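Here the structure is laid out as structure tokens; the discussion comes afterwards.
Just so it is clear, none of the values below were taken in a lab; they were calculated from the coordinates. None of the values given here were measured: they were computed from a predicted structure. Here Cβ is always computed from backbone atoms with ideal geometry, including for glycine, and neighbour counts include all displayed protein chains.
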Amino acid sequence: MIIKSLEDLFNFKPKFAVVGCYLFYGKLVLMLKRHPLKPYGGLWCVPGGKMDSGESIIQALNRELAEETGIVLPADISSRMYCLGPRFVRYPDYDFLYFTFSAEWPKDQESPLPLLNQREHTEWRWLPVADALKRSDLVPDEAECLQEVWQRRLLS
């Protein structure tokens, strides 16, 4: 769960950092269904994963997006992304930092068709943001993060 109290931050000891990409196409967001053998298997999330040692946050984001979906962000999209984070996340067995990014696929291009890494995810969907926010089968904190990213996007 996302830590919000200063008191809980005193004991926060992250084991790793994670990146997540909220990729939008108009009012749609790309969501992936986690493989049943992965933690939180069968639940929906955005593309993302752990940063590798020596990797920058942007390198990790681009690598994870490409590995999980086959999607490579064009340079003009990468330059217009923004990051919300880090978020301080505590799961029962470990803490981690979560960097969330928002990117908008150009409306004058067709939405990209993900080519899933079947070891990571079993399905993908471009969901209306309003529908994604109502889902009960999202990984922990996904709806809260999506809501925050979407609100920021609407304000910019």
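Summary of computed values
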read-out	value
Boolean, R34 is basic (K, R), surrounded by 16 or more Cβ atoms within 10 Å (Cβ to Cβ), within 27 Å of Q118 (Cβ to Cβ) and in contact (Cβ under 8 Å) with a residue 40 or more places away in the chain	yes
The lone exception for Y82 - which of (1) surrounded by 14 or more Cβ atoms within 10 Å (Cβ to Cβ); (2) of a type outside the set (S, T, N, Q); (3) closer than 22 Å to R153 by Cα; (4) under 14 Å from the mean Cα position of the chain (by Cα) it fails	(1)
Elements of type strands (runs of 3 or more DSSP E) contained in the stretch 1-98, each with 2 or more residues being under 18 Å from E123 (Cα atoms)	14-25, 28-34, 48-50
Of all residues making up the stretch 54-87, the number that are on the phi > 0 side of the Ramachandran plot and free of Cβ contacts under 8 Å to residues at least 24 places away in the same chain	2
Residue within the stretch 145-156 that is small (G, A, S), over 27 Å from D8 (Cα atoms) and either touching a Ser or Thr at 6+ places or on another chain (Cβ under 7 Å) or outside any loop (DSSP other than H, G, I, E, B) (or both) present	no
Residue list for the stretch 1-31, restricted to those being small (G, A, S) and in contact (Cβ under 8 Å) with a residue 24 or more places away in the chain	A17, G20, G26
Those residues of the stretch 1-46 which are among the aliphatic types (A, V, I, L, M), out of contact with any Leu (no Cβ under 8 Å at 6 or more places or on another chain) and more than 15 Å from V89 (Cα to Cα), in sequence order	L37
Hey, P112 in a loop (DSSP other than H, G, I, E, B), under 18 Å from E142 (Cβ atoms) and either of a type outside the set (A, V, I, L, M, F, W, C) or free of Cβ contacts under 8 Å to residues at least 40 places away in the same chain (or both) or not	no
Per-region count, the stretch 116-136, residues part of a loop (DSSP other than H, G, I, E, B) and exposed (fewer than 12 other Cβ atoms within 10 Å of the Cβ)	3
